[in-house]
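Here's the structure we're looking at; comments come further down.
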Amino acid sequence: MTDTQSDLFVVIAGIGGVLVIASLVGLVLKRRLSPDGRNEAIENLNARIRAWWVMAIAISIAFLGDRTGVIILFALCSFAALREFMTLTNATRADHRSLAAVFFIVLPVQYYLVWVQWYGMFSIFIPIWVFLFLPIVSALSGNTRNFLIRVAEMQWALMICVFCVSHVPALLNLTIPGYEGRGVLLIAFLVIVVQLSDVLQYVWGKMVGRRKIAPLLSPSKTVEGFIGGSLSATLIGAGLWWMTPFSPVQAGLMSFAITLMGFLGGLVMSAIKRDRGVKDWGHSIAGHGGFIDRLDSVIFAAPVFFHLNRYFWSVT
Amino acid sequence: MHICIWVARGAGGAIVFFARAVTAVQAVWTGTDPTLDRQRVYFANHASHGDFILIWSALPPRLRKKVRPVAGADYWGRDRLRRFVGLDVFNAILIARNGDERTVDPVAQMAGALDQGASLIVFPEGTRNLTDELLLPLKSGLYHLARSRPDIDLVPVWIENLNRVLPKGAIIPVPLMCRVIFGAALRLPPEDTRDEFLARVRDALLALSPKAEAGR
């Protein structure tokens, strides 16, 4: 077994351990506070923990499948996210061709570019080629009603759900001296810090949250939750430095950047939900809502994490 | 014969999987209990050829086994593949939509299936709605069916978004989230005239539509 594999097993075992503890806590809380299943907060917590098991197992399988597994997993996440996003847009019958192209050409091509490690095209395909050609396809349909809104929404959906998400598997393509072949662990680090930060902000907010940080956007986010959650996630991230090419201090700084971007990304995505009058992006993940509800912080953190690594550590 | 049944079942499973992958269909039950194993007539808005497939996919497997969609013979009987999907996979009741082509009365066909214990999926608009209106004027078939079998629950069903997934003339479905909303059952009040009853049916359907709600 290689170093990478043994470290990966430690990580997966660690996640499993945390989930076992979470499930036990959930069970005790259910026995004490919601024996008849009537306490909604407890039921939601347990639904969330069950969904976490499924997500952890899915991502562990992907990690064990290495490059192929990770690329397929995030391509599927992009597909599910895009499906949720496009549902809430003004796209009409006239956009049917553009939409079909978005789902069945743009998305696979972007992940193919990750697969063949063509960085130049990976980074301009959606921002330039698709940006120019998609409105051409929509314009040729001849329907001009809400044209700018429809085209802009489609581009935004692609940037968020495909371009940004594809930066997670693209981490595998960085060449960091002394860290060859360990890219999967860098992805694990990103995902663990982002998701822990979300969970810890939720927990801190429930325990000591008083002052709302952005009451118009997201009534559940509090100053105390944000500070407690991001600081504790930063500390845990620093403690995970052994998975990364970073020193403990660097790992802490990276974690702080990830949690900050994740938090701000959550606010942006909440603003869109408010605008469209929905509480959740979808209904696919019991207790959590949709895929975007779980991915929103990863979406904003991944490109920043990718480029920080690229500027300061990678030689490609 | 047995192989045929297995192929049909496999095809049914594949179609449900595909429908779920494209639409992530969510069943929303308001006012009708899906765990009760009752005989029902589900009547829904009709905007796409995929409509009954979506209702079928949204029903719990126990209810799915007993349900038979009512579909136009002119479309679903046209070639071997469609007959296989319509008759073998979905066990559809094919009815003649044009009066002059009829040899059997569609209402009698539906009533016969109800007498054998089946539940039905019907589209009272009679044809696909390709306009921007929420509903077309309703045909009288549902009224005549309710007259002949007044003890059966009629459950309104609103299919949301499927017309965006597969608009008129499109071959490739675009993945978008769909919901199938089941409302509270209604029956034909004995004193209702045809037009009163159809207005009632129409209101029951529109009450489930999130768009009609927002427009109010």
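The values are calculated or read from the model by the stated rules, or taken from the named source; none is laboratory data. In this text, all values refer to a predicted model and were calculated from it rather than measured experimentally. As a convention, Cβ positions derive from the backbone with ideal geometry for all residues, glycine included, and neighbour counts pool all protein chains shown.
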Practice item. Would you confirm whether any residue within segment B:180-196 is over 24 Å from B:Gln109 (Cα atoms), modelled with pLDDT under 85 and within 14 Å of chain A (Cβ to nearest Cβ)? Key: no
Check your understanding: Would you pick out the residues in segment A:62-101 that are under 18 Å from A:Leu148 (Cβ atoms), in contact (Cβ under 8 Å) with a residue 60 or more places away in the chain and β-branched (Val, Ile, Thr)?
Key -> A:Thr89
Practice item. Could you list all residues from segment A:1-37 that are among the basic types (Lys, Arg) and surrounded by 14 or more Cβ atoms within 10 Å (Cβ to Cβ)? Key: A:Lys30
Exercise for review: Being of a type outside the set (Gly, Ala, Ser) and free of Cβ contacts under 8 Å to residues at least 24 places away in the same chain is the filter; apply it to segment B:12-31 and report the residue that is surrounded by the most Cβ atoms within 10 Å (Cβ to Cβ).
Suggested key: B:Phe18
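Okay, residues lined up against (1) closer than 24 Å to B:Gly77 by Cα; (2) buried (at least 20 other Cβ atoms within 10 Å of the Cβ):
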residue	(1), (2)
B:Val104	yes, no
B:Ala118	yes, no
B:Val122	yes, yes
B:Asp132	no, no
B:Tyr143	no, yes
B:Val155	no, yes
B:Glu160	no, yes
B:Met177	no, yes
B:Ala185	no, no
Point to revise | Residue in segment B:131-151 that is at positive phi and within 14 Å of chain A (Cβ to nearest Cβ) present | key: no
Exercise for review: Please work out if B:Ala111 is under 17 Å from B:Ala71 (Cα atoms) and more than 14 Å from chain A (Cβ to nearest Cβ).
Suggested key: yes
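For every residue, the table says whether it meets (1) aliphatic (A, V, I, L, M); (2) touching a helix residue (DSSP H, G or I) at 6+ places or on another chain (Cβ under 8 Å); (3) in a strand (DSSP E or B); (4) exposed (fewer than 13 other Cβ atoms within 10 Å of the Cβ).
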| site | (1), (2), (3), (4) |
| --- | --- |
| B:Gly10 | no, no, no, yes |
| B:Asp33 | no, no, no, yes |
| B:Val41 | yes, yes, yes, no |
| B:Arg62 | no, no, no, yes |
| B:Val85 | yes, yes, no, no |
Check your understanding: Any chance segment A:95-109 includes a residue that's more than 14 Å from every other protein chain (Cβ to nearest Cβ) and acidic (Asp, Glu)?
Key -> no
Exercise for review: Could you tell me whether A:Ala75 is surrounded by 18 or more Cβ atoms within 10 Å (Cβ to Cβ), at the interface with another protein chain (Cβ under 8 Å from one of its Cβ atoms), closer than 15 Å to A:Val168 by Cβ and modelled with pLDDT of 90 or more?
Suggested key: no
Revision key, fill the gap. Taking first residues from segment B:189-209 that are within 17 Å of B:Thr30 (Cα to Cα) and second residues anywhere that are part of a helix (DSSP H, G or I), the pairs with Cβ under 7 Å that are 6 or more apart or on different chains are B:Val201/B:Leu142; B:Leu206/B:Ala212
Review point. Out of (1) part of a helix (DSSP H, G or I); (2) free of Cβ contacts under 8 Å to residues at least 60 places away in the same chain; (3) within 14 Å of chain B (Cβ to nearest Cβ), the odd one out for A:Ile292 is which?
Key: (2)
Check your understanding: For segment A:170-188, how many residues meet the condition of being among the aliphatic types (A, V, I, L, M) and in a loop (DSSP other than H, G, I, E, B)?
Key -> 2
**Study point:** Selection status of B:Phe84, in contact with a strand residue (DSSP E or B) (Cβ under 8 Å, 6 or more places away or on another chain) and either within 14 Å of chain A (Cβ to nearest Cβ) or not aliphatic (A, V, I, L, M) (or both)
**Key:** no
Point to revise | helices (runs of 4 or more DSSP H) wholly inside segment A:44-122 containing at least 2 residues that are under 16 Å from the mean Cα position of the chain (by Cα) | key: A:66-87
Practice item. Would you be able to say whether some residue in segment A:244-253 is more than 14 Å from chain B (Cβ to nearest Cβ), surrounded by 22 or more Cβ atoms within 10 Å (Cβ to Cβ), touching a helix residue (DSSP H, G or I) at 6+ places or on another chain (Cβ under 7 Å) and closer than 18 Å to A:Ile213 by Cβ? Key: no
